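Chemist: One structure coming up, written as structure tokens, with questions to follow.
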Protein chains: 2
Amino acid sequence: MKTLIVYAHPEPTSLNSSLKDLAVTTLETAGHEVRVSDLYAMNWKAVVDAADYGLDTSRPLKVALDSGRAFDAGTLTPDVLAEQEKLRWADTIIFQFPLWWYTMPAILKGWVDRVFTFHFAYGVGEHSATRYGERFGEGTLAGRKALLSVTVGGPRSHYAARGINGPIDDLLFPIQHGILYYPGIEVLPPFVLYGTDQMTDEDYTHVARAWQQRLLAVESTEPIAFRRQNFGDYEIPSLHLKEGLEPTGRSGFRLHVRD
Amino acid sequence: MKTLIVYAHPEPTSLNSSLKDLAVTTLETAGHEVRVSDLYAMNWKAVVDAADYGLDTSRPLKVALDSGRAFDAGTLTPDVLAEQEKLRWADTIIFQFPLWWYTMPAILKGWVDRVFTFHFAYGVGEHSATRYGERFGEGTLAGRKALLSVTVGGPRSHYAARGINGPIDDLLFPIQHGILYYPGIEVLPPFVLYGTDQMTDEDYTHVARAWQQRLLAVESTEPIAFRRQNFGDYEIPSLHLKEGLEPTGRSGFRLHVRD
């Protein structure tokens with residue numbers, strides 16, 4: 001495997017850092033290639049602005065169109081070009097981050113906002129009576145797998161089906177489906193650690209073993225069965241799921257996962 | 001009303017900027033006080049790091065604990081202190097932003113990550129057999145209302161109940177419930193504009209009128225009926241919604257909204 005780890009935590013001795021380091025050694029020991037984007041260490045620029053598109057910036061700035069023009073011309077900034085190159089190189093992408101306010105830290109969202117440009121991650125493929133571009137199962141990054149490794153301060157029960165925060169699968173849906181599956185990446189079930197505010201050294205021994213097992217099983221793990229956009233499940237162009245495809249009573253984000 | 005507008009778009013002539021300006025003039029003309037946090041114009045620092053907590057930073061950095069200690073000591077950075085003061089001043093908070101990758105732009109997430117510190121927005125109140133801190137309906141910002149004003153490039157149908165992106169209410173739930181309702185803010189139904197990539201000047205005339213109507217109706221608009229945490233709907237401390245409170249078949253995020 002060729003694995004890119006995108007890692008977002010400010011503290012080099014944090015649990016997130018330990019999990020990132022363990023992923024590197026576990027995968028390399030097993031003979032895989034690993035590259036790491038340590039966003040804090042890279043001093044990653046988190047904010048999209050006109051400086052991202054240089055001479056391709058229009059006046060007024062149009063984020064989507066300008067990013068697509070700069071992508072086409074090869075004039076995106078070197079930091080963004082490097083990340084796009086890593087994504088093309090990788091067959092597996094691991095995201096290591098703490099859940100802050102129910103989603104990713106701003107620095108990681110800024111990696112998505114700046115790296116997932118028009119014509120690279122969206123605005124790809126033709127529109128017709130049967131296709132609505134290449135996305136949700138097709139796209140630039142098709143053939144790759146992603147795995148979220150997420151630390152959560154609170155207890156597991158708060159993220160259960162009836163938990164007050166909402167189900168973890170629903171909280172991660174905008175990332176797993178909206179960001180990763182959109183440009184074609186298959187998404188493996190996430191590795192989520194709960195109660196990390198209370199974690200002991202003994203807990204970590206068990207956690208480390210579980211994480212190593214997940215890492216070494218990546219190639220044989222079935223991805224989440226998100227529905228593909230252009231293969232008959234959706235009306236074009238409304239992109240409504242066709243009636244009757246889901247089990248009775250299912251609704252919300254779960255409509256978009258096959259049985 | 002005392003309204004704080006938190007605005008996140010890099011282009012001063014954008015639709016988002018126009019909606020922000022229209023909110024200022026509409027509310028001021030109606031006799032209300034308005035302050036604006038224009039995150040791009042302020043060059044807002046989007047990334048949480050050790051510099052945020054100065055001498056209160058522990059080695060190793062502990063984001064929650066250090067932010068709480070700096071909050072208690074009054075030693076948070078001036079930019080963060082200013083935003084917390086604006087939030088205490090306001091009775092109404094409007095967030096104006098484009099939906100990028102199904103959530104807020106990184107600069108706005110970084111405003112949340114840095115301003116919503118421990119002991120200010122979370123870690124407030126006592127725990128007991130009947131209370132799990134002050135949150136979800138109680139908290140530092142109780143008594144305030146928030147309103148998301150969101151522009152969306154794609155068409156409305158893609159965000160409908162059966163739309164491929166998932167329902168807009170579910171996409172916004174981690175913001176409306178997880179970020180805003182958590183520290184006690186009541187959340188009004190969002191003002192969402194779809195298809196903004198295709199918007200014409202004539203469309204904007206209608207949009208502007210609708211936005212003014214929503215702004216002038218803020219005081220009489222019913223908030224989303226999120227369930228309060230400590231008032232009998234949830235088991236303590238699992239925070240599972242008690243069985244039988246919801247209509248048959250309801251699941252996911254919608255469990256946490258009363259009928």
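Chemist: Just name the residue that is farthest from the other protein chains (Cβ to nearest Cβ) out of those in the range A:201-242 that are surrounded by fewer than 19 Cβ atoms within 10 Å (Cβ to Cβ), closer than 16 Å to B:Pro167 by Cα and out of contact with any Lys or Arg (no Cβ under 7 Å at 6 or more places or on another chain).
Modeler: A:Lys242
Chemist: Could you run through the range B:208-220 and say how many residues are free of Cβ contacts under 8 Å to residues at least 40 places away in the same chain and assigned to a helix (DSSP H, G or I)?
Modeler: Total satisfying the criteria: 4.
Chemist: In the range B:200-246, what residues are within 17 Å of B:Arg131 (Cα to Cα) and out of contact with any helix residue (DSSP H, G or I) (no Cβ under 7 Å at 6 or more places or on another chain)?
Modeler: Those that are within 17 Å of B:Arg131 (Cα to Cα) and out of contact with any helix residue (DSSP H, G or I) (no Cβ under 7 Å at 6 or more places or on another chain): B:Arg228, B:Gln229, B:Asn230, B:Phe231, B:Gly232, B:Asp233, B:Tyr234, B:Glu235, B:Ile236, B:Pro237, B:Lys242.
Chemist: Could you tell me whether any residue of the range B:121-131 is closer than 16 Å to B:Ala70 by Cα, among the β-branched types (Val, Ile, Thr) and touching a residue at least 12 places away in the same chain (Cβ under 8 Å)?
Modeler: Yes, the range B:121-131 contains at least one residue that is closer than 16 Å to B:Ala70 by Cα, among the β-branched types (Val, Ile, Thr) and touching a residue at least 12 places away in the same chain (Cβ under 8 Å).
Chemist: Here's another thing I want to ask about it. Only one of B:Thr248, B:Thr205 is polar (S, T, N, Q) and over 19 Å from B:Leu19 (Cβ atoms). Can you tell me which?
Modeler: Numbers: B:Thr205 fails: over 19 Å from B:Leu19 (Cβ atoms).
Just one listed residue meets the conditions, B:Thr248.
Chemist: For residues that are surrounded by fewer than 21 Cβ atoms within 10 Å (Cβ to Cβ) and closer than 30 Å to A:Gly133 by Cα, tally how many sit in the range B:169-195.
Modeler: Counting residues in the range B:169-195 that are surrounded by fewer than 21 Cβ atoms within 10 Å (Cβ to Cβ) and closer than 30 Å to A:Gly133 by Cα gives 6.
Chemist: Looking at A:Gly166, is it at pLDDT 95 or above and surrounded by fewer than 21 Cβ atoms within 10 Å (Cβ to Cβ)?
Modeler: no
Chemist: Could you tell me which of the residues B:Val80, B:Val34, B:Val48 is over 18 Å from B:Val112 (Cβ atoms), of a type in the set (A, V, I, L, M) and at pLDDT 95 or above?
Modeler: B:Val34
Chemist: Can you find even one residue in the range B:12-34 that is of a type in the set (A, V, I, L, M) and either touching a Cys at 6+ places or on another chain (Cβ under 8 Å) or without any contact (Cβ under 8 Å) to a residue 40 or more places away in the chain (or both)?
Modeler: yes
Chemist: Return only the number of the condition from (1) in contact with a strand residue (DSSP E or B) (Cβ under 7 Å, 6 or more places away or on another chain); (2) within 28 Å of A:Met199 (Cα to Cα) that A:Leu22 does not satisfy.
Modeler: Just one mismatch for A:Leu22, condition (1).
Chemist: Which members of the range A:151-163 meet the condition of being surrounded by fewer than 22 Cβ atoms within 10 Å (Cβ to Cβ) and either more than 11 Å from every other protein chain (Cβ to nearest Cβ) or farther than 30 Å from B:Gly137 by Cα (or both)?
Modeler: If the condition is that a residue be surrounded by fewer than 22 Cβ atoms within 10 Å (Cβ to Cβ) and either more than 11 Å from every other protein chain (Cβ to nearest Cβ) or farther than 30 Å from B:Gly137 by Cα (or both), then A:Val152 is the only one that fits.
Chemist: Out of all the residues in the range B:3-24, which are within 11 Å of B:Val36 (Cα to Cα) and either touching a helix residue (DSSP H, G or I) at 6+ places or on another chain (Cβ under 7 Å) or of a type in the set (D, E, K, R) (or both)?
Modeler: If we filter the range B:3-24 for residues that are within 11 Å of B:Val36 (Cα to Cα), which is where we start, we get B:3-8, B:20-21, B:23-24.
If the condition is that a residue be within 11 Å of B:Val36 (Cα to Cα) and either touching a helix residue (DSSP H, G or I) at 6+ places or on another chain (Cβ under 7 Å) or of a type in the set (D, E, K, R) (or both), then B:Thr3, B:Leu4, B:Ile5, B:Val6, B:Tyr7, B:Ala8, B:Lys20, B:Asp21, B:Ala23 are the ones that fit.
Chemist: I need every pair where a residue in the range A:237-258 that is at positive phi has its Cβ under 6 Å from the Cβ of a residue that is in a strand (DSSP E or B) and surrounded by 15 or more Cβ atoms within 10 Å (Cβ to Cβ), sequence separation at least 6 or different chains.
Modeler: These pairs meet every condition: A:Leu239/B:Gly163.
Chemist: For the range B:1-119, list the strands (runs of 3 or more DSSP E) that sit wholly inside it and hold at least 3 residues that are within 14 Å of chain A (Cβ to nearest Cβ) and out of contact with any Lys or Arg (no Cβ under 7 Å at 6 or more places or on another chain); which are they?
Modeler: Answer list for the range B:1-119: B:92-98.
Chemist: Mind counting the residues in the range B:244-256 that are over 20 Å from B:Gly178 (Cβ atoms) and within 8 Å of chain A (Cβ to nearest Cβ)?
Modeler: Residues in the range B:244-256 being over 20 Å from B:Gly178 (Cβ atoms) and within 8 Å of chain A (Cβ to nearest Cβ): 1 in total.
Chemist: Kindly indicate which of B:Gly184, B:Gly195 is within 25 Å of A:Lys62 (Cα to Cα) and not hydrophobic (A, V, I, L, M, F, W, C).
Modeler: Just one listed residue meets the conditions, B:Gly195.
Chemist: Can you confirm whether B:Val207 is under 24 Å from A:Gly252 (Cα atoms) and of a type in the set (A, V, I, L, M, F, W, C)? Break it down into steps so the answer makes sense when it comes.
Modeler: Working: under 24 Å from A:Gly252 (Cα atoms): no; of a type in the set (A, V, I, L, M, F, W, C): yes.
Taking the combined requirement at face value, the residue does not satisfy it.
Chemist: Only one of A:Ala142, A:Ala160, A:Ala121, A:Ala129 is aliphatic (A, V, I, L, M), farther than 30 Å from A:Ile236 by Cβ and out of contact with any helix residue (DSSP H, G or I) (no Cβ under 6 Å at 6 or more places or on another chain). Can you tell me which?
Modeler: Exactly one residue qualifies, and that residue is A:Ala160.
Chemist: While we're looking at this one, here's another question. Check B:Ile179 against each of (1) part of a helix (DSSP H, G or I); (2) in contact (Cβ under 8 Å) with a residue 24 or more places away in the chain; (3) more than 12 Å from chain A (Cβ to nearest Cβ); (4) closer than 22 Å to B:Leu4 by Cα and name the one condition it does not meet.
Modeler: Going through (1) part of a helix (DSSP H, G or I); (2) in contact (Cβ under 8 Å) with a residue 24 or more places away in the chain; (3) more than 12 Å from chain A (Cβ to nearest Cβ); (4) closer than 22 Å to B:Leu4 by Cα one by one, B:Ile179 breaks only (3).
Chemist: Does A:Pro223 satisfy the criteria of being touching a Leu at 6+ places or on another chain (Cβ under 6 Å) and in a loop (DSSP other than H, G, I, E, B)?
Modeler: So A:Pro223 passes the test.
Okay, residues lined up against (1) among the acidic types (Asp, Glu); (2) at pLDDT 95 or above:
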| site | (1), (2) |
| --- | --- |
| B:Asp197 | yes, no |
| B:His206 | no, yes |
| B:Arg209 | no, yes |
| B:Leu215 | no, yes |
| B:Glu222 | yes, yes |
| B:Phe226 | no, yes |
| B:Asn230 | no, yes |
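Chemist: Select, from B:Phe71, B:Phe116, B:Phe97, the only residue that is in contact (Cβ under 8 Å) with a residue 40 or more places away in the chain, closer than 25 Å to A:Thr103 by Cα, of a type outside the set (A, V, I, L, M) and touching a helix residue (DSSP H, G or I) at 6+ places or on another chain (Cβ under 6 Å).
Modeler: Of B:Phe71, B:Phe116, B:Phe97, the one residue that is in contact (Cβ under 8 Å) with a residue 40 or more places away in the chain, closer than 25 Å to A:Thr103 by Cα, of a type outside the set (A, V, I, L, M) and touching a helix residue (DSSP H, G or I) at 6+ places or on another chain (Cβ under 6 Å) is B:Phe97.
The values are calculated or read from the model by the stated rules, or taken from the named source; none is laboratory data. Nothing here was measured: the structure is a model prediction, and the numbers come from that model. Positions of Cβ are backbone-derived with ideal geometry, glycine not excepted, and every protein chain shown enters the neighbour counts.
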